[in-house]
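*Asks:* Let me give you the structure first, and then I'll get to my questions.
The values are calculated or read from the model by the stated rules, or taken from the named source; none is laboratory data. Just so it is clear, the structure is predicted and the values come from calculations on it, not from any experiment. Note: ideal-geometry Cβ built from the backbone for every residue, glycine included; neighbour counts use all protein chains shown. Just the protein is used for accessible areas: all its heavy atoms, side chains included, with ligands, DNA and RNA removed. Shrake-Rupley method; radii C 1.70, N 1.55, O 1.52, S 1.80 Å.
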Amino acid sequence: MKKHYQILILGGGTAGIMVAAQLMRKDSALKIGLLEPADVHYYQPAWTLVGAGTYSFRKTARPMKEVIPKGVDWIQEAAATLQPKKNSVIGSTGQIFTYDFLVVAPGLVYDLDLVPGLGEALDQGVVCSNYTNPEHTWEVLRNFKGGIALFTQPNTPIKCGGAPQKIMYLAEQYFRKHKVRDHTTVVFATPGTTIFGVPEIRKTLMKVIDRKDINLRFGYQLVKIDAEKQIAWYRLASHESEYNHKQIPLVKEGDLLGIPYDMLHTAPPSVAPAFVGESVLANPSGWMEVDKHSLQHVEFQNVFGLGDVAGLPTAKTGAAIRKQVPIVVDNLLKLLREHHLGTKSYNGYSSCPLVTDYGKMVLAEFDYDNNFVPDPKLKNMLISDSSKEHWRLWILKKYGLPYLYWNKMLKGKEV
Ligand SMILES: Cc1cc2nc3c(=O)[nH]c(=O)nc-3n(C[C@H](O)[C@H](O)[C@H](O)COP(=O)(O)OP(=O)(O)OC[C@H]3O[C@@H](n4cnc5c(N)ncnc54)[C@H](O)[C@@H]3O)c2cc1C
């Protein structure tokens, strides 16, 4: 049996729920279907704080049924096959769903096979990730007795590119407070060329790096983990460089360089879900191919994509989604009623709340060109320069943003 919807949304994460909620606010008569297999919706940005022991994991989760807007038809199964030429999607139980318009928002998935050894090591012993189990990160920090604390990230795009360093800044302070810092070397090994792409933010973060005496290694591409010997293996890119040199007992194996660790935090390698990556909607890297300003699929005009799954040249964050949703909603409603796209354009806005200590934060807000574009509303919070560390920004991260997320963003209210 086929089921038809005016608008079919794939994924009930930040993007899917926000699109559904804003659409229902604008027109509650719309016939919207939402394919989402999970029972629980998570506020992932707070996992950084969970990993540092300053937020409860329980508070980051809500039952899915509580966040799906009233009037939206929740189909609790996964999308399995996309058939945009037939305006249909096959669900994991074999049911067929047809649509006038499709919104693709299933987020991203972790492909641990891209770094051999990581799958076996992750969330066990001294290897942790706020992306997969922030409560385990907190356990690792508490049990750490000194040595090399290695913070790293893979070569793929990841959610919230700043998250792998946020936990490092908090961990460093935790180690200091608990008297293990003086016999610890904190290392950040990244495939990138800089600590952050936005110059104003970079300047502040480099001061944080100096203050915390962190050893920075650029051009380090993580290729495998040897959990038994506790070594992270890297291939060095041509732009490899080191800042704030520390003597570390590095090991070599052919053209690979190994960093021994006593604790390791990493983001997992991330890719688009296979049903998107293997479909005609994907770009050559597997991400959903949308116009970067309208978020409309480049070929199928009744298909939109946003959130982590979208192949957009900006950081994958919930903050980016906050700005993407009104564009998608406006375009959908204009197409439905007037048969043309709206005039709003997404400028690549994304933001990264970089906590730099317990009680301090820098708010990186930027566009496609890495211009620093701070929200004028921050002035109302008496924050004149959000590129500098500020305690009020920490309050925003820990209390303000979760409140706005659950009570405004997910309810389809403008924030
Ligand atoms: C540790 C960490 C820290 C972060 N920090 C920040 C931060 O400080 N600020 C910020 O703005 N962002 C941050 N983020 C990123 C932010 O959480 C994500 O960018 C955002 O949640 C992405 O939303 P999404 O809707 O695209 O995907 P998700 O929210 O991941 O939701 C995807 C949904 O799709 C569903 N789904 C999957 N497969 C299918 C399928 N086949 N069919 C149907 N549904 C499917 C999933 O069950 C899920 O519910 C952080 C993320 C992490 C992990």
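*Asks:* Do you know which residues across region 37-56 are open to solvent by less than 20 Å² (accessible area, probe 1.4 Å) and near the ligand (Cβ under 9 Å from one of its atoms)?
*Replies:* Once the filter is applied, which keeps residues that are open to solvent by less than 20 Å² (accessible area, probe 1.4 Å) and near the ligand (Cβ under 9 Å from one of its atoms), region 37-56 yields HIS41, TYR43, ALA46, THR48, VAL50, GLY51.
*Asks:* How many residues does region 12-29 contain that are open to solvent by less than 10 Å² (accessible area, probe 1.4 Å) and touching a strand residue (DSSP E or B) at 6+ places or on another chain (Cβ under 9 Å)?
*Replies:* Adding up the residues that qualify gives 7.
*Asks:* Shifting gears a bit: Considering only residues of region 287-309 that are part of a loop (DSSP other than H, G, I, E, B) and open to solvent by less than 10 Å² (accessible area, probe 1.4 Å), which is nearest to the ligand (Cβ to nearest atom)?
*Replies:* Keep residues of region 287-309 that are part of a loop (DSSP other than H, G, I, E, B), which gives 287, 289, 291-295, 298-302, 306.
With the extra rule that they be open to solvent by less than 10 Å² (accessible area, probe 1.4 Å), the set shrinks to 295, 306.
Working: LEU295: 12, LEU306: 7 Å.
If we take residues in region 287-309 being part of a loop (DSSP other than H, G, I, E, B) and open to solvent by less than 10 Å² (accessible area, probe 1.4 Å), then LEU306 is nearest to the ligand (Cβ to nearest atom).
*Asks:* Here is a follow-up. Does region 5-12 include one or more residues that are within 11 Å of the ligand (Cβ to nearest atom), in contact (Cβ under 8 Å) with a residue 60 or more places away in the chain and in contact with a Pro (Cβ under 7 Å, 6 or more places away or on another chain)?
*Replies:* Within region 5-12, one or more residues are within 11 Å of the ligand (Cβ to nearest atom), in contact (Cβ under 8 Å) with a residue 60 or more places away in the chain and in contact with a Pro (Cβ under 7 Å, 6 or more places away or on another chain).
*Asks:* Right, another one. Take LYS166 and decide whether it is within 13 Å of the ligand (Cβ to nearest atom), of a type outside the set (Asp, Glu) and in contact with a Lys or Arg (Cβ under 6 Å, 6 or more places away or on another chain). Write out each step before concluding.
*Replies:* Values: within 13 Å of the ligand (Cβ to nearest atom): yes; of a type outside the set (Asp, Glu): yes; in contact with a Lys or Arg (Cβ under 6 Å, 6 or more places away or on another chain): no.
Against the criterion (within 13 Å of the ligand (Cβ to nearest atom), of a type outside the set (Asp, Glu) and in contact with a Lys or Arg (Cβ under 6 Å, 6 or more places away or on another chain)), LYS166 does not qualify.
*Asks:* Check off (1) within 16 Å of the ligand (Cβ to nearest atom); (2) assigned to a strand (DSSP E or B); (3) of a type in the set (S, T, N, Q) for SER241 and give me the number that stays unchecked.
*Replies:* In the conditions (1) within 16 Å of the ligand (Cβ to nearest atom); (2) assigned to a strand (DSSP E or B); (3) of a type in the set (S, T, N, Q), SER241 misses (1) alone.
*Asks:* Then there's this: Considering only residues of region 369-415 that are free of Cβ contacts under 8 Å to residues at least 24 places away in the same chain and hydroxyl-bearing (Ser, Thr, Tyr), which is farthest from the ligand (Cβ to nearest atom)?
*Replies:* Once the filter is applied, the top-ranked residue is SER384.
*Asks:* Within region 57-90, how many residues turn out to be closer than 28 Å to CYS160 by Cβ, open to solvent by less than 60 Å² (accessible area, probe 1.4 Å) and either hydroxyl-bearing (Ser, Thr, Tyr) or more than 9 Å from the ligand (Cβ to nearest atom) (or both)?
*Replies:* 9
*Asks:* For region 268-286, which positions are of a type in the set (Gly, Ala, Ser) and surrounded by fewer than 24 Cβ atoms within 10 Å (Cβ to Cβ)?
*Replies:* Once the filter is applied, which keeps residues that are of a type in the set (Gly, Ala, Ser) and surrounded by fewer than 24 Cβ atoms within 10 Å (Cβ to Cβ), region 268-286 yields SER270, ALA274, GLY277, SER279, ALA282, SER285, GLY286.
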